[in-house]
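Remarks on the structure that follows.
Please treat every number below as a calculation from the coordinates, not as lab data. What you see is a predicted model, and the numbers here were worked out from it, not measured in a lab. All Cβ positions, even for glycine, are placed from backbone atoms using ideal geometry, and neighbour counts span all protein chains on display.
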Amino acid sequence: MKKIISSILILWVTQTLLFVGNVEADDKIIHIYQDADLSIHSQSSKAIQLGIEVAFAEVNNEINGNKILFKYLDHRGNVLRSKRNYKAFINDPNALVIYSGIHSPPLINNRKFINESKALTLVPWAAGAPITRYPSKENWIFRLSIDDMQAGGMIIDYAMKNQQCRKPQLLLENTPWGNSNLVNMSKALTTYDIQSPQVTRFNLSVKAKGAQVLTDSIINQGSDCLILVSNAVEGIVFANAMLEVPRSKRLPIISHWGITSGDLHEKIDAKAREGLALNFIQSCFAFTNETQTPLANQVFSQLIEHTKGIIKNPADLQSAVGFIHAYDLTKLLIQAIKQSKLTGNTLKDRNTIRLALENLSNPVQGLIKTYDKPFSVFDSVLNNKAHEALNASDYCMGYYGATNEIIIINE
Amino acid sequence: MNKTNLKKEASNKVIIFRTVVGYSIGLLSLLMLLSAFIIIPKINTLFEEQYDKDTKRELKKEVALFNNFIESQRRVIEDLAKFPSITNAVMLSDADNASVNGLLKNVVIGGEKGRLVLQDIEANVLVQTTKQLQGIYTNEEPWIEEILNASKPYHFQLLNQSQDSILFKISVPVLYSGFVEGILTGEIKASLDDVFVNQVLSSDTAITLTQNELTVGTSTNKIVLARENTAMLQGLNVTFTYITDDAPLLKRERSVQNLIFSVLLAGLAVSFILFSLLSYTGALQRVKLKSKENSRVSLYSMPIIVGVLGVSASIITFIIVSNAKQVSVENNLIFESQKHVQEVRENLNTYLGILDSVNAFFSASEEVERQDFKVFVESFLVQHKSIKAIEWIPSITHEERLVLEDKARLEGFTNFSINEVNQDGNLASATQREHYLPVYYLEPIAGNENALGFDLASNPLELKTLIKAQESESKVATSKITLFEEDITKAGIFIFRPVFYNDKKQVTEKLKLQGFTSISLRVEDLVNEVLLGMDSNLALFIQDISDPEFPETLYGTPQVVESFSRDEIINLAGRSWRIKIYSKANKTEYAQSAWGMLITGLIFSGIIVLGLVHLIRRREYVEQLVVQRTAELTASEEHHRAIVELAVDGLITIDKFGIIERFNEAAENIFGYPSKEVIGSNIKILMPTSSHQGSDDYFKNKQDETKEQIISIERYLGSGKYAKGQHKNGTIFPIEVSVSEIKLGSTIKYSGIVRDISDRVAFEKEREQFIEKLTDSNEELERFAFVCSHDLQEPLRMIRSFSEKLQDHIKEDLEHDEKGKKYFNFVIDGAIRAQALINDILTYSSISNDIKQLEDVNIQDLINVIKKNSLDLTESNTAEITYDPLPNLQGNKTQLFQLFQNLINNGIKYQKTDTKAHVHISAKEAEDHWCFTIKDNGIGMDERHFKKIFEVFQRLHRRSQYAGTGVGLSICKKVVERHGGTIWVESEKGMGSTFYFTLLKA
């Protein structure tokens, strides 16, 4: 009888312990969010997701005993939907960081909300200058991407120097991102004695007819270059509009990198692109570069493995820059988590990591470069690039190759 | 000849024409009946079906037109929503986008500046081109979610109606790359003519659109009998109702019906008149032509026509009276209905006007004190008893609650607090909430005490209405509610109107709510106001049909009986009421008088027809009787004529003057005169001159009527009188005359049968001579037989007596001489038998002689004697004689004794050896004779001997078996025949015999 009771007790204790163990295991889940355009510019978002996943896969999706789970939310570029997603993130007790996708407007418009909500945000792909420049020491947005403040100058430089533009036309989407570029590019043009650049704004979802009218107008104004700030959807419309123009009248397009966020390379295929001078800014690393570091090779192998062979060649990776930036950014995040002590209190942990990011103790090798203290405490006057992991030296111009791959011009 | 033909031809034409007219009447009558029961109902059905089809087709067309209109309006909004700047604005939730504002504010829709609203995915209004929006754009609205999650391509909503235009809104998604990123709504005001663009709205059609609780549409005021055909426009969530007026259809049906009947009736009347005339002329002709053909048909045609006409007229009267009654009732109902619904409408408008006044009072005043409110509304309450209460409902926050409650208490309402109905259904202090909408000012307080302080925000139904009123910035009525202090069965309504602060600075800024003015009405009082002047035969039923799926009864009960009714729909502050007015008298009651007329008409027609038929049948019977009797008479006449003509005897009829009037063929043969020659001549021509005197005397006396004596008439009257006739050739011959007198009214005639008896007279003479000779011969024969018999008896007696003496003499010698004994026996026996035979022959031959010596014979006594004699001879135990009571007879006693004795003795004699003989005598009375039966149980006989036994000397058995002469039964036969009877036998061998014979009674 005693034996039976003892057995039952032992079983009960064992079950209870196992249950407690399970609960503890459940509690140690970390949710990694992404709030991005999963619908219209899904390629870029997908590339970012791959970058995050491959980087976390290197640590077996577990850091400091915390299992990593991914939650991807679609904002489709809508500011409010992004805010709604952010609210979901903020209210998730296991959510640690949230990655953005392309589209600067949600980040710019919701910047105050994000910072006030202490939503730790990592930006692998959104160039709007204001994103990381929230006027507070407690800045919750970190970027490893192209920064308009720095990219604008580079694009203008490329246009003016490499493309020999004399009368460039700024064609900017009518959004905060466009506004951001208007400021920076205008500033850059002043160095080429262009005080009042020709500027044309367009709205999202501009249609072919509208684009045609605008393009004709730009050509009629005597512009010799088109500096385009647009994402893929509108980029395609304008590329097509330019292709409609007689070849002799076509203007070279020097674009911001938003056009690589979608399927432009498919809609404007290699043959069409032959009649179009289209260059865009990218970060300097690409898997298509001739020389690849061992890390790059290893990462690509991991990517092949992660995608179970769907991606075999660099050309297969669309919106590759999304992957590259997300991978490097995640490596920085992992490093920050590793050097933090997670408490299980999400709000605290988010702040701990934020602080750790600003104070990464060790250099982190990434695909683009080795990051040594990439972030620091933000100061809008003294240190306004404090949350920018890349700088202008990391930017290169690129173009689509014959197999739709992005080729970096390393000059 | 020509004249006759012309007459016949004319007669034929009349008959043909009459037949045609007769058929016409029949046909028209048939058509009448068919019309009443088949054709008209069928025509009505066809009208109905066609009307229904037309209506449905119209409905379909109108729906299509309406859909097209809405589609075109939708396209305008959708095209606008495709503007990139709009996409931009919603993507960025950019409310300050100047280009978008500029764009939308410059849009013109339907000739007016567009009333547009742009919302982002959170339903935030980014742009609104007017502050006077009627729609509700909060994100609680389900349509917003439906559009944003792309489950609905667009949203259509009716907003309101003012005069001849309606306001509706169309909301479409703003898309970016195919995804919904915002909503653009256009509130579009369109005139009814534009909405129902190609619809030629005549006064007898109307269209209404119903959505949720709102109904808008064209006027139904002129529609008398509404027929509603509805279609649910799924995409729009609108019930499209095409209302047509049935009154013209009914009018058309009735006019067609009356026209058909009028035409038929006229045709019938004309045909009937013609038929009557022609029947009359035909009857005259028929009398002349003695034509009996078709007489029966003609006889009955009149009642048939009268019957058909009566029935038809009754039916027509019934239908026309029914129609007239129905029309009268319907017209009355329509008139009353329009009048009273208009009254209700006007009353409600008055109340809405009062609410507006109260509202304006608050809007115009900085602050309205309770006393001011009371003074202001008092006059309204005095004038309008249906108003249950007028209220002021301020919108207050929780912070303001205590201040407000204290203020009210200071004003004298010491127990004032803001209340709500708690879970137990009791009034309790309202639980804490952000905002309250308490009834703060209320007049009259008496009867509404519990309502004071009640927080309308605590009641979901009222709160919903209040929010709606606030959003739409207009008056909104509640659905059915039970007012405070009221019976739960009594319906009431609130009408709220919001009061806003007048400090709105921006177009997009929402007006700040100050509170609500409210008026509460009791539906029953509303109705009672109207009922005062209403026909008591009418009943009201009011229903709130704002939500078509869940109509609420506000007043009355729906009538399900067959009664006339009429619907009117009135719109009251965002709600739709259906007012149904019933005529309490149902159709059956209305039809009763018509049915009464129909039944009376049919009964009356039936009586007339039956009367006519009876008269005709009677006349027909009499005519038939006359015909029958005439035929019988004719036949009898013919028969008699034939008898007379073909009679073997001469038949002569003379008048009272002796003038021959009829002289048949036999008479012609008897007298040698042809009839032509003697008819008209005096009877004397047929009589020899010697007979004239008697004849003259008779006739002279007969003519002398004053004497009235008939002399010598006996000589002629009666039958079998012998007279003498004279042949034409002068021969006088015996005739037998039978004369009878015939009286025909006052005329006397004589009919005589004459038979020429010349041959008979000669024959009778010859017979008499023969009988005389035969009598002589018979007498001689009888005498010879008697003598012979008598003379033969002597020698026989000698033979016998001397043989016996000789036998006795030689007795000793014969003792040993057997042969000698035997020879003696033969001789003696032969002599005895010869004697018996001779006696019998004597008896037989003497029978006829005694027949005339009749005497009264008691047969029973006779039998008794025979019985005694016979039984003495036989052993008593070997025979039995029985008899029934037997009659007395007139006859020859001796012969009758012989008759019975022979038959009884035969019965005993011809007997089986081991059987006791039994003879039974009975008699049965017949009309003029007795039938005697003598039955024995003897040896019987074969049928072949039944006649033979009655012949003389016939025997059936050897003498050694049964002794006898063979004369007995011959004697019996002769006796019976001599007594005028017959004798016969029935027998079966071994079973006995029964002898029957009849004897005359006297």
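For a 32 Å ceiling on Cα separation, which of these pairs sit above it: B:Lys82/B:Lys189; A:Lys209/B:Lys113; B:Lys805/B:Lys947; B:Lys724/B:Lys974; B:Lys912/B:Lys973?
In this structure, B:Lys805/B:Lys947; B:Lys724/B:Lys974 lie more than 32 Å apart at Cα.
As a quick test, which of the pairs B:Lys893/B:Lys948; A:Lys46/A:Lys249; B:Lys61/B:Lys475 have an alpha carbon distance above 31 angstrom in this structure?
A:Lys46/A:Lys249; B:Lys61/B:Lys475
Based on alpha-carbon centroids, what's the gap between the stretch B:45-97 and the stretch A:339-393 in Å, whole number please?
Here the two parts' Cα centres lie 56 Å apart.
Suppose the chain between B:Ser751 and B:Leu633 were pulled fully straight at 0.36 nm per residue; how much longer would it get relative to their current alpha carbon spacing? Provide the component values of the computation, followed by the final result.
Details: separation 118, 0.36 × 118 = 42.48 nm, distance 1.98 nm.
Extra length from B:Ser751 to B:Leu633 when fully extended: 40.5 nm.
Which whole-number value in Å³ per residue fits the convex hull of the alpha carbons of the protein assembly as shown?
Output value, Cα hull per residue: 634 Å³.
Quote to one decimal, in nm, the extra length available between B:Phe37 and B:Thr913 on full extension: 0.36 nm per residue of separation minus the C-alpha distance between them.
Full extension of this stretch gives 305.2 nm more.
Roughly how many Å is it from the Cα centre of the stretch B:393-456 to that of the stretch A:240-310, as a whole number?
Using only Cα atoms to place each centre, the spacing works out to 71 Å.
Provide the FRET efficiency to the nearest 0.05 for the B:Val256-B:Ser328 pair, computing r from the beta carbons and using R0 = 22 Å. Mind dumping the intermediate values first?
Working: r = 20 Å, r/R0 = 0.89.
Calculated value: 0.65.
Report the FRET efficiency, 1/(1 + (r/R0)^6), for A:Glu58 and A:Ile409, where r is their Cβ-Cβ distance and R0 is 45 Å, rounded to 0.05.
Values: r = 30 Å, r/R0 = 0.67.
With a Förster radius of 45 Å, E is 0.90.
Quick check: pseudo-label points 7 Å beyond the Cα along Cα→Cβ at A:Lys308 and A:Lys209, how many nm apart are they?
Distance between the two pseudo-spin positions: 4.7 nm.
Cα gyration tensor of the stretch B:355-531, axes a ≥ b ≥ c as square roots of the eigenvalues: rounded (a/c below 1.5), prolate (a/b > b/c) or oblate?
Working: a/c = 1.34, a/b = 1.16, b/c = 1.16.
Verdict is rounded for the stretch B:355-531.
I'd like the mean, over residues of B:769-780, of how many other protein chain beta carbons sit within 10 Å of each residue's own Cβ.
0
Straight-line reach from B:Lys773: which aspartates and glutamates fall under 20 Å, measuring Cα to Cα and dropping same-chain residues less than 8 apart?
Straight-line reach from B:Lys773, under 20 Å: B:Glu764, B:Glu782.
Rounded to the nearest 500, what is chain A's calculated 222 nm mean residue ellipticity when only DSSP H runs of at least 4 contribute -39500 (n - 2.57) each, over all residues?
Helix contribution divided over all residues of chain A: -13000 deg cm²/dmol.
Measuring from centroid to centroid over Cα atoms, what is the spacing of the stretch A:94-139 and the stretch B:306-366 in Å?
A separation of 71 Å, based on Cα centres.
List the residues, sorted by chain then number, that are 5 or more residues from B:Leu538 or on another chain and whose placed amide H is less than 5 Å from its amide H.
B:Lys584
Between A:Lys348 and B:Thr431, how high is the FRET efficiency from 1/(1 + (r/R0)^6) when r is the Cβ-Cβ distance and R₀ = 35 Å? Nearest 0.05.
For A:Lys348 and B:Thr431, the calculated efficiency is 0.35.
For the residue pair B:Gln961 and A:Gln298, what label-to-label distance in nm results when each label sits 7 Å from Cα along the Cα-to-beta-carbon direction?
16.9
Please compute, for peptide B:85-97, the average count of beta-carbon atoms on other protein chains lying within 10 Å of each residue's beta-carbon. Walk me through the intermediate numbers first.
Values: counts 7, 3, 5, 11, 3, 4, 15, 12, 10, 6, 0, 0, 2.
Mean partner-chain Cβ count within 10 Å for B:85-97: 6.
Can you list the residues of the stretch B:118-147 with backbone N under 13 Å from a point 7 Å past the Cα of A:Ser39, pointing along Cα to Cβ?
B:121-122, B:147
So between B:Val382 and B:Val622, what do we pick up on full extension, going 0.36 nm a residue minus the alpha carbon distance?
77.4 nm
Using label points projected 7 Å from each Cα along Cα→Cβ, tell me how many nm separate A:Ala88 and B:Tyr501, to one decimal.
Label at A:Ala88, label at B:Tyr501, 3.9 nm between them.
Taking each residue of A:72-79 in turn, how many C-beta atoms of other protein chains fall within 10 Å of its C-beta, and what is the average?
Mean partner-chain Cβ count within 10 Å for A:72-79: 5.
5 Å is the cut-off here: which amide hydrogens, built 1.01 Å from N in the peptide plane, fall below it relative to B:Gly672, excluding neighbours closer than 5 in sequence?
B:Lys728
Are there trypsin sites (Lys or Arg not before Pro) in the stretch B:911-993 that DSSP marks as loop and that have at most 10 other Cβ atoms within 10 Å, and which are they?
Passing both the DSSP loop test and the Cβ count: B:Arg958.
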